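Working notes, beginning with the structure itself.
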Amino acid sequence: MAFGLLKGAVALTATVVMTVSAWADDTIRFRLDYSIYGTHAPFYLGIEQGLYKDEGIELTIGEGSGSSNTAKLLAQGTDPIGFLDYGTMVKGIAAGMPLKGIFAVHQKSPMIIISHAENPVKSPKDLEGKILGMSQSESTAQMFPVLAAISDTDPAKVNVISPAVGAKTALFLQKRADAITGVTYFHLPPLEAQGAELEYFLYSDFGINALEGGIAANTEWLAANPDLAKRFISATSKAFEIAKAEPEKAVNALIKQRPDLQQNRDMLIRQLELSMEATATPNTEGMPLGKMAEADVQAMLDQFVQSEQIKEGMTPAEVYSNEFIVE
């Protein structure tokens with residue numbers, strides 16, 4: 001009788017454990033590329049709207065300190081998934097990092113060179129003999145050798161200074177640099193808000209066909225958690241679609257969770273709006289948000305090889321996958 005009771009108790013305990021396990025949400029630690037800016041708002045919108053909860057996910061978000069550092073954290077498995085520059089990711093994969101892009105946000109490169117309107121830099125070649133502010137950990141620095149190579153610009157003739165991350169705009173406003181590298185959505189809004197008179201050109205104006213910001217994950221984690229990855233991308237895709245249509249709603253959700261950013265509300269909205277202008281290329285127009293075209297990835301790899309950033313032989317399949325985007 002005692003054995004029967006014990007057996008029944010064990011069975012009941014197992015049932016309770018299984019039930020609790022079924023009810024418990026999967027936890028995902030998600031790492032950003034930098035401190036919070038407008039492009040990140042959809043992730044917070046997804047939390048606020050319960051989109052991740054609907055997919056059985058408890059999402060925690062950690063800020064970053066540059067795409068190269070985020071790539072390392074993902075590769076080490078410290079955080080399994082995050083948002084980072086795809087150019088940085090490609091170089092990491094070439095170096096052996098177990099990473100893969102699974103949801104591209106900035107498919108048309110938003111990278112720019114910003115200069116003072118009174119002393120404009122209108123092409124990469126114009127940078128020769130000038131002072132360029134460019135932090136080496138940033139995505140724009142990873143792609144600058146590509147820009148120089150395809151525009152016949154001699155990097156040795158560009159006087160590069162490398163300020164600490166976050167100090168570049170101050171350096172520019174103090175006119176200690178003739179130009180700085182940047183991205184439309186991140187650097188233009190704060191400079192405009194401070195009344196700076198700007199001139200800028202896009203990397204893409206000179207042939208850079210590089211995907212930029214997007215979601216990447218540790219490949220071992222993807223292999224072990226394909227369903228969880230699909231659920232995460234499903235919730236994220238919905239959040240970005242809402243944010244694209246209603247940027248103010250997304251930023252309000254961000255500020256609700258981070259009230260310390262209230263004073264930056266207008267700038268955050270402007271950053272998000274500019275981000276949403278870069279979500280498609282001619283090859284992905286009309287496709288679901290986040291989905292990538294092999295031709296775009298191949299063009300990016302070709303330019304990295306041309307500029308000697310990576311060796312020849314890497315294939316698009318090593319870099320990205322659309323399998324986690326559920327149409």
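Given the stretch 18-133, what strands (runs of 3 or more DSSP E) lie entirely inside it while holding 3 or more residues that are open to solvent by 20 Å² or more (accessible area, probe 1.4 Å), closer than 17 Å to residue 218 by Cβ and modelled with pLDDT under 95?
none
Can you find, within the stretch 35-77, the residue that is farthest from residue 263 (Cα to Cα) among those that are of a type in the set (Val, Ile, Thr) and touching a Lys or Arg at 6+ places or on another chain (Cβ under 7 Å)?
Restricting attention to the stretch 35-77, the residues satisfying the condition of being of a type in the set (Val, Ile, Thr) are 36, 39, 47, 57, 60-61, 70.
Adding the requirement that they be touching a Lys or Arg at 6+ places or on another chain (Cβ under 7 Å) leaves 36, 57, 60, 70.
Details: 36: 13, 57: 30, 60: 24, 70: 27 Å.
The residue in question is 57.
Can you find even one residue in the stretch 310-325 that is hydroxyl-bearing (Ser, Thr, Tyr), buried (at least 17 other Cβ atoms within 10 Å of the Cβ), in contact (Cβ under 8 Å) with a residue 24 or more places away in the chain and outside any helix (DSSP H, G or I)? Steps first, please.
Our first condition is that a residue be hydroxyl-bearing (Ser, Thr, Tyr); within the stretch 310-325, this holds for 315, 320-321.
Add one more test, that the residue is buried (at least 17 other Cβ atoms within 10 Å of the Cβ), and what stays is 320-321.
Within this subset, residues satisfying the condition of being in contact (Cβ under 8 Å) with a residue 24 or more places away in the chain are 320-321.
With outside any helix (DSSP H, G or I) added as a condition, the list becomes 320-321.
The answer is yes, given that some residue of the stretch 310-325 is hydroxyl-bearing (Ser, Thr, Tyr), buried (at least 17 other Cβ atoms within 10 Å of the Cβ), in contact (Cβ under 8 Å) with a residue 24 or more places away in the chain and outside any helix (DSSP H, G or I).
Name, by its number, the condition in (1) surrounded by 20 or more Cβ atoms within 10 Å (Cβ to Cβ); (2) among the aliphatic types (A, V, I, L, M); (3) more than 24 Å from residue 28 (Cα to Cα); (4) more than 16 Å from the chain's Cα centre (by Cα) that does not hold for residue 245.
Among (1) surrounded by 20 or more Cβ atoms within 10 Å (Cβ to Cβ); (2) among the aliphatic types (A, V, I, L, M); (3) more than 24 Å from residue 28 (Cα to Cα); (4) more than 16 Å from the chain's Cα centre (by Cα), the lone unmet condition for residue 245 is (1).
Against the definition (within 17 Å of the chain's Cα centre (by Cα) and hydrophobic (A, V, I, L, M, F, W, C)), how does residue 211 come out, yes or no? If you could, list the steps in order and put the result at the bottom.
Numbers: within 17 Å of the chain's Cα centre (by Cα): yes; hydrophobic (A, V, I, L, M, F, W, C): yes.
Spelling it out, residue 211 is indeed within 17 Å of the chain's Cα centre (by Cα) and hydrophobic (A, V, I, L, M, F, W, C).
Pairs only if they're at least six apart or on different chains, beta carbon under 6 angstrom, first in the stretch 169-183 and farther than 14 Å from residue 197 by Cβ, second among the hydroxyl-bearing types (Ser, Thr, Tyr) and assigned to a helix (DSSP H, G or I); list them, first residue then second.
181/140
Which condition number does residue 153 fail, the rest of (1) of a type in the set (S, T, N, Q); (2) more than 26 Å from the chain's Cα centre (by Cα); (3) part of a helix (DSSP H, G or I) being met?
Exception for residue 153: condition (3).
Yes/no per residue for (1) of a type outside the set (Val, Ile, Thr); (2) touching a strand residue (DSSP E or B) at 6+ places or on another chain (Cβ under 7 Å); (3) farther than 29 Å from residue 302 by Cα:
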position	(1), (2), (3)
193	yes, no, yes
205	yes, no, no
218	yes, yes, no
222	yes, yes, no
247	yes, no, yes
254	yes, no, yes
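Scan 301, 268, 272 and give me the residue that is touching a Lys or Arg at 6+ places or on another chain (Cβ under 9 Å), in a helix (DSSP H, G or I) and open to solvent by less than 20 Å² (accessible area, probe 1.4 Å). So that I can check it myself, show each step before the final result.
On the way: 301 fails: touching a Lys or Arg at 6+ places or on another chain (Cβ under 9 Å); 268 fails: touching a Lys or Arg at 6+ places or on another chain (Cβ under 9 Å).
Step by step, each of 301, 268, 272 is checked, and only 272 is touching a Lys or Arg at 6+ places or on another chain (Cβ under 9 Å), in a helix (DSSP H, G or I) and open to solvent by less than 20 Å² (accessible area, probe 1.4 Å).
Within the stretch 161-235, considering only strands (runs of 3 or more DSSP E) that don't extend past its boundaries, which have at least 1 residues that are of a type in the set (D, E, K, R)? Spell out how you get there, then give the answer.
On the way: elements: 179-183, 198-202, 213-218.
Counting at least 1 such residues, we get 198-202.
Being surrounded by fewer than 20 Cβ atoms within 10 Å (Cβ to Cβ) and more than 25 Å from residue 279 (Cβ to Cβ) is the filter here; which residues of the stretch 140-152 pass it?
145, 149, 151, 152 - these are the residues of the stretch 140-152 that are surrounded by fewer than 20 Cβ atoms within 10 Å (Cβ to Cβ) and more than 25 Å from residue 279 (Cβ to Cβ).
Among the residues of the stretch 208-240, which ones are open to solvent by less than 30 Å² (accessible area, probe 1.4 Å) and more than 23 Å from residue 276 (Cβ to Cβ)?
Within the stretch 208-240, 218, 222, 228, 229 qualify.
Mind checking which residues of the stretch 156-165 are open to solvent by 40 Å² or more (accessible area, probe 1.4 Å) and under 25 Å from residue 118 (Cβ atoms)?
Here is the first cut: in the stretch 156-165, the residues open to solvent by 40 Å² or more (accessible area, probe 1.4 Å) are 156-157, 159-162, 164-165.
Selection gives 157, 159, 160, 161, 162.
The values are calculated or read from the model by the stated rules, or taken from the named source; none is laboratory data. Here the structure is a predicted model, which is why all the values come from computation and not from measurement. Positions of Cβ are generated from backbone atoms using ideal geometry, with glycine treated the same way; all protein chains shown enter the neighbour counts. With ligands, DNA and RNA removed, areas are computed over all heavy atoms of the protein, side chains included. Shrake-Rupley method; radii C 1.70, N 1.55, O 1.52, S 1.80 Å.
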